[in-house]
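Everything below concerns the one structure shown next.
Each value in this text was obtained by applying a stated rule to the coordinates, not by laboratory testing. The shown structure was predicted, so the numbers you read here are calculated from the model rather than taken from an experiment. Note: ideal-geometry Cβ built from the backbone for every residue, glycine included; neighbour counts use all protein chains shown.
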Amino acid sequence: MFKFAIPVLHVSSSAAAEAFYCDRLGFRQAFAYRPFGGADPCYMGLTRDNVEVHVSSFSGDGVAGGIVFLGVEDVDALHKELKATGVVIDLEPTDQSWGNREMYVLDPDGNSIRFVHRGG
C-alpha cells in the first residue's frame, strides 16, 4: 500500500529556492545535501505541516517548469498569508468547474505550485 509521494522540482539556485519556499511560502528546510561543499548543486527537503517537497539543483533531476498540487484546507486564508509575504499570485483563488478552489504561484524557476481545496 502506498504511504506517501514526494514531488521533486528542479531549481537553478538552492539559495533562491530556500528563500522563496521558506521565507515566502512558510516551509522549513528539513535537510540539504551539498556533497561538493558549495551552495550548488544541492538536494533539499522542505516541509510545511504534513507536506514534503524536495528541490534539486543537480543536473538530471528533472527540468524547471514542473507542477505540483498541494492540498490545503483554506485557499483564501493561504492567499491572504502569501500576499502578506509579497508572493506574486499567478492565479488568484478561483472556483474551478470541476469543483476545486485553486490558487497558483510560480517559484523563481517557473515551477507552478498549485494550492488546491477539493470541493465536496
statement: Residue by residue through region 72-80, the couplings from Karplus 6.51 cos²θ - 1.76 cosθ + 1.60 with θ = phi - 60°, in Hz, x for Gly and Pro, are 10, 6, 8, 4, 5, 5, 5, 4, 4
- request: Take every Cα-Cα distance within region 8-117, group them into 5 Å bins from 0 onward, and report for each bin the whole-number percent of pairs it holds.
  value: 2, 12, 22, 25, 18, 11, 6, 2, 1, 0
Cα-centre dipole for the chain with unit charges at Cβ (Lys and Arg positive, Asp and Glu negative), debye to 20: 220 debye
